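The values are calculated or read from the model by the stated rules, or taken from the named source; none is laboratory data. Predicted, not measured: the structure shown is a model, and the values here were computed from it. Cβ placement follows ideal geometry from the backbone for every residue including glycine, while neighbour counts extend to all protein chains displayed.
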Amino acid sequence: MAKPYSMDLRERALSRVEAGESVRSVADALSISPSSVVKWSRRFRTTGSVAPGQMGGHRPRLIVGDHAAWLLARMAADDFTLRGLVAELADRGLKVDYRTVWNFVHREDLSFKKNRSGKRAGPA
């Protein structure tokens with residue numbers, strides 16, 4: 001994974017921009033992209049610092065509490081499709097994507113598997 005540019009480089013670029021140099025000339029002189037200089041300038045104007053933001057980290061689970069209890073009851077009551085569950089959760093006010101619902105179903109060990117006795121995959 002890439003790591004952020006050093007604070008020294010960021011501060012040098014910002015000081016040159018504030019001194020009146022153009023973004024492109026600063027970028028050429030420091031061998032960085034003009035978009036980086038623009039983003040650092042914008043970050044300085046909004047936050048007062050050119051320090052990089054957080055990279056990576058843990059995202060908390062979205063399907064918790066009442067939504068998780070409802071989803072478990074819903075899956076136990078009837079057949080379901082993951083796309084259908086995504087739509088039903090959206091109707092309940094929780095916007096999640098397919099992968100989030102798949103992770104929840106997999107974590108609860110509720111994935112549907114074909115069985116041999118049903119002969120669903122066999123010839124008629």
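Observations on the structure shown:
- T100 satisfies every condition listed in (1) surrounded by 13 or more Cβ atoms within 10 Å (Cβ to Cβ); (2) hydroxyl-bearing (S, T, Y); (3) more than 26 Å from the chain's Cα centre (by Cα) except (3).
- Yes/no for S25 being part of a helix (DSSP H, G or I) and surrounded by fewer than 12 Cβ atoms within 10 Å (Cβ to Cβ): no
- A single entry from A51, A69, A90 fulfils the requirement of being out of contact with any helix residue (DSSP H, G or I) (no Cβ under 6 Å at 6 or more places or on another chain), under 30 Å from L14 (Cα atoms) and at pLDDT 90 or above: A51.
- Boolean, H58 is loosely packed, with under 15 Cβ neighbours inside 10 Å, out of contact with any Gly (no Cβ under 6 Å at 6 or more places or on another chain), at negative phi and not polar (S, T, N, Q): yes
- Neighbours by Cβ (under 9 Å, 6+ apart or cross-chain): first from the range 71-93, surrounded by fewer than 11 Cβ atoms within 10 Å (Cβ to Cβ); second not hydroxyl-bearing (S, T, Y): A76/L110; D79/F112; R83/V101; G93/H67
- Residues of the range 1-27 satisfying the condition of being closer than 11 Å to W40 by Cβ, without any contact (Cβ under 8 Å) to a residue 40 or more places away in the chain and within 31 Å of the chain's Cα centre (by Cα): L9, E11, A13, L14, V23, A27
- Of all residues in the range 1-10 being charged (D, E, K, R) and loosely packed, with under 15 Cβ neighbours inside 10 Å, the one that is farthest from P52 (Cα to Cα): D8
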